[in-house]
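Working notes, beginning with the structure itself.
The values are calculated or read from the model by the stated rules, or taken from the named source; none is laboratory data. All figures in this text were calculated on a predicted structure; none of them were measured in a lab. Cβ: placed from backbone, ideal geometry, glycine included. Neighbour counts: every protein chain shown. To get the accessible areas, we keep the full protein, side chains included, count just its heavy atoms, and leave off ligands, DNA and RNA. Shrake-Rupley method; radii C 1.70, N 1.55, O 1.52, S 1.80 Å.
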Amino acid sequence: NTTAGSYVREDEDIYLILKETNVEEAVRDLIRIGLDRIKGYITPEDLQTYAEGGGELERTDTIDMKDIAELMQSDGYRVVDVRKASEYKNGHISHAINIAHTRLLERKDELPKDKTLLVHCQSGVRSAVASALLRRDGFDVKYIDDHFDNWRDKESS
């Protein structure tokens, strides 16, 4: 619910993807934080069956840390670091824009619409959700599904 509270606007309809055993708890948690426009849910298994049956799903391009250096040579890309400021301060990719994932919705206007955003965090979890939010709001995004330490290892070699 912490992430949902940072990503979902009060007036948006909500559709959940989760195990059926978690529906009641998720709905209760969302309602407690004022997100009550829950319209339905689907299980991950049902979603997979839908896709296997030819149903269309949105997909975000996925890359890893080794791809960043090459992409950054082009002016068409910008790195977005969705870690907390304290994590960013302890080490970051040069010229990355730092906006914590829980502040992304309110600060997304600070991001360039004319560039492909390369979105990363520490392990790939926060950046997965951040990438989905940015795609939904019209940004061209590549999700970095990798650990930030792999960038550090690359920089030090």
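Which of the residues that make up the range 89-147 are over 20 Å from Val8 (Cβ atoms), assigned to a loop (DSSP other than H, G, I, E, B) and open to solvent by 30 Å² or more (accessible area, probe 1.4 Å)? Asn90, His92, Ser94, His95, Lys113, Asp114, Lys115, Gln122, Ser123, Asp140, Asp145, His147 - these are the residues of the range 89-147 that are over 20 Å from Val8 (Cβ atoms), assigned to a loop (DSSP other than H, G, I, E, B) and open to solvent by 30 Å² or more (accessible area, probe 1.4 Å).
Determine whether Arg83 is farther than 17 Å from Arg152 by Cα and touching a residue at least 12 places away in the same chain (Cβ under 8 Å).
Details: farther than 17 Å from Arg152 by Cα: no; touching a residue at least 12 places away in the same chain (Cβ under 8 Å): yes.
So Arg83 fails the test.
Residues that are at pLDDT 95 or above, in contact with a Leu (Cβ under 9 Å, 6 or more places away or on another chain) and open to solvent by 50 Å² or more (accessible area, probe 1.4 Å): does the range 46-56 have at least one? Within the range 46-56, one or more residues are at pLDDT 95 or above, in contact with a Leu (Cβ under 9 Å, 6 or more places away or on another chain) and open to solvent by 50 Å² or more (accessible area, probe 1.4 Å).
Here Leu105 fulfils each of the conditions (1) over 17 Å from Ser6 (Cβ atoms); (2) modelled with pLDDT under 95 apart from (1).
When you go through Val119, Val79 one by one, which is the residue that is at pLDDT 95 or above, under 14 Å from the mean Cα position of the chain (by Cα), farther than 13 Å from Asp145 by Cα and β-branched (Val, Ile, Thr)? Step through it out loud before you land on a result.
Values: Val119 fails: farther than 13 Å from Asp145 by Cα.
Only one candidate qualifies: Val79.
When the test is whether a residue is charged (D, E, K, R) and farther than 30 Å from Leu111 by Cα, Glu70 does not pass it. A count restricted to the range 64-107 and to residues that are out of contact with any helix residue (DSSP H, G or I) (no Cβ under 9 Å at 6 or more places or on another chain) and closer than 20 Å to Asp137 by Cα stands at 3. Across the range 111-149, which residue is nearest to Ser74 (Cα to Cα) among those that are among the hydroxyl-bearing types (Ser, Thr, Tyr) and in contact (Cβ under 8 Å) with a residue 40 or more places away in the chain? Among them, the one singled out is Thr116. Residues in the range 28-45 that are open to solvent by 40 Å² or more (accessible area, probe 1.4 Å), more than 21 Å from Leu105 (Cα to Cα) and not in a strand (DSSP E or B): Arg28, Pro44, Glu45.
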